[in-house]
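Bear in mind these aren't lab numbers, they're just calculated from the coordinates by the rules spelled out. As the structure is a computational prediction, the values presented were derived from the model and not from experiment. When we count neighbours, we look across all protein chains shown, and the Cβ atoms used for this are built from the backbone with ideal geometry, even at glycine.
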């Protein structure tokens, strides 16, 4: 990890925290289970549907499924994005209130939306809410990064990653960011 920190420099998590909550969640849903490059391409096409900008929840709901599929979104992601937009427009999910909630309460509130599970909520906590002590133990990229950076024969499981990250408290999010950067350096691929 020391080599990754030296090579990467100062943690860049704070560069993400300025984003508005709704577009940040939309971007996180779009990026689920696909490569960074594919997510960027789809997100660019998606934004083109809205004049190159991030849409409001109402604007998203006004688009047809066909238009959204034309941007490269799967049926499941369209369903998730629509459910998020419905929760926001009906105010059953108050995004501004997430900032005042504990990590666990915010994860619970976000998980009401179809397609937002623990991983998506934790990524949102790290990259949008700026929570410094989140450890997304279900992130396969993070588990693989831990294997590479710590010279392990196999990927750690959730318990193993939790144990490995214990010394990072109360800055486990920062440790995760460096693990992601370490994988990027090791593989030459862009991650977060």
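Here are the numbers for this structure:
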quantity	calculated
Between 0 and 90°, nearest 10: helix 21-31 axis offset from the chain longest Cα axis	70
Residue exposure sequence - 6, 153, 139 - by fewest surrounding Cβ within 10 Å	153, 6, 139
Relative contact order %, the range 18-127, counting alpha carbon pairs below 8 Å whose residues are six or more apart	28
Convex hull volume of the range 18-127 per residue (C-alpha atoms, cubic angstrom)	94
Cα-based helix-to-principal-axis angle, 118-127 vs the chain, degrees rounded to 10	80
Cα-based helix-to-principal-axis angle, 75-89 vs the chain, degrees rounded to 10	70
Theoretical FRET efficiency, 1/(1+(r/R0)^6), r = Cβ-Cβ of residue 20 and residue 169, R0 30 Å, to 0.05	0.55
Inter-label distance for residue 118 and residue 91, nm, one decimal - labels placed 7 Å from Cα along Cα-to-Cβ	3.3
Approximate shape of the range 121-192 as ellipsoid semi-axes (Cα gyration tensor, √5λ), whole Å, largest first	18, 15, 10
Pairwise FRET efficiency - residue 65 versus residue 101, Cβ, R0 = 25 Å, nearest 0.05	0.20
Ascending count of other beta-carbon atoms within 10 Å, so fewest first, for 77, 114	114, 77
